[in-house]
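Chemist: Take this structure, written in structure tokens, and hold onto it; I'll ask about it next.
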Amino acid sequence: MGEKRSLGRINSIVLTCGTILILLAVYSLRFSIQGQKKIVKSAIKYREFSMEELHEMDQRSPAILVAVDHRVYDVSSSPSYRKGGSYAKLAGRDCGRSLATHNIALLSRLNPDELQSWDDLTDLSSQERAALNDWIEFFDRKYPRVGTLVQTKSYAGSDQEDPDAELPTKGVFLTQSEPIDFFNL
């Protein structure tokens, strides 16, 4: 009789644990499915953005960009970044420091027409850097990345021509009117 009672308790414990595991699995699956959203493609070509170019893509423009740790995201699909939205102050800004320090007021102090200065974020604490990395993961999941925020544009790989580029002045320049025979030089 004692063995049946202990087997009944063991079966009850196993059944309870199994039920809990199944509920946890269903809950996790539901949570992961809800957390997955398809990222809307951006019409903006991936490129380098200067602070001035980023600033032009604020809540007043058709395409709205936000930079997080010098990664530029197209947040146009979210009404929260448009005029009157809860994140409108972040539009057209590098919000890395504000997100890392959980201090959006840093950007709120700026006049909407005031250009933000360059911030390399090298002085963030390890906790602030971890928080910033969490925000980067969030933005990577939710919005298309359209470029990199740079202090000075390099024009490498850009559709624009560098107005300050100089032609090479050293080296040998060959003009060729007929094929060169390299074996009989």
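All of the numbers you see were taken from the coordinates with simple rules; none came from a lab. These figures come from a predicted structure and were not determined experimentally. Methodologically, a virtual Cβ is constructed for each residue, glycine included, from the backbone with ideal geometry; neighbour enumeration extends over all protein chains shown.
Chemist: What's the magnitude of the charge dipole for the range 47-149 around its Cα centre, counting Lys and Arg as +1 and Asp and Glu as -1 at the beta-carbon? Answer in Debye, nearest 20. Intermediate values should be presented prior to the final figure.
Modeler: Numbers: 13 positive and 17 negative charges, 97 e Å.
Using Cβ point charges on Lys, Arg, Asp and Glu, the range 47-149 gives about 460 debye.
Chemist: Compute the signed sum of charges (Lys and Arg +1, Asp and Glu -1) over the other residues within less than 12 Å, Cβ to Cβ, of Asp69. Present the calculation step by step, with values, prior to reporting the outcome.
Modeler: On the way: positive: Arg71, Arg97, Arg129, Arg145; negative: Asp94, Asp119, Asp120, Glu128, Asp134, Glu137, Asp140.
For residues surrounding Asp69, the net value is -3.
Chemist: Further, regarding this structure: Counting alpha carbon pairs within less than 8 Å and at least 6 residues apart, what relative contact order, in whole percent, applies to the range 47-149?
Modeler: Details: 165 pairs, mean separation 37.3, N = 103.
Relative contact order, the range 47-149: 36 percent.
Chemist: Relative to 2.2 N^0.38 Å, what does the C-alpha radius of gyration of the range 47-149 come to as a ratio? Two decimals please. Spell out each step's value before the answer.
Modeler: Working: Rg = 12.4 Å, N = 103, 2.2 N^0.38 = 12.8 Å.
Compared with the compact-globule rule of thumb, the range 47-149 sits at 0.97.
Chemist: Sort His70, His55 by Cβ crowding within 10 Å, fewest neighbours at the top. Before the final figure, lay out the partial values.
Modeler: On the way: His70 17, His55 21.
Final ranking by Cβ density, sparse to dense: His70, His55.
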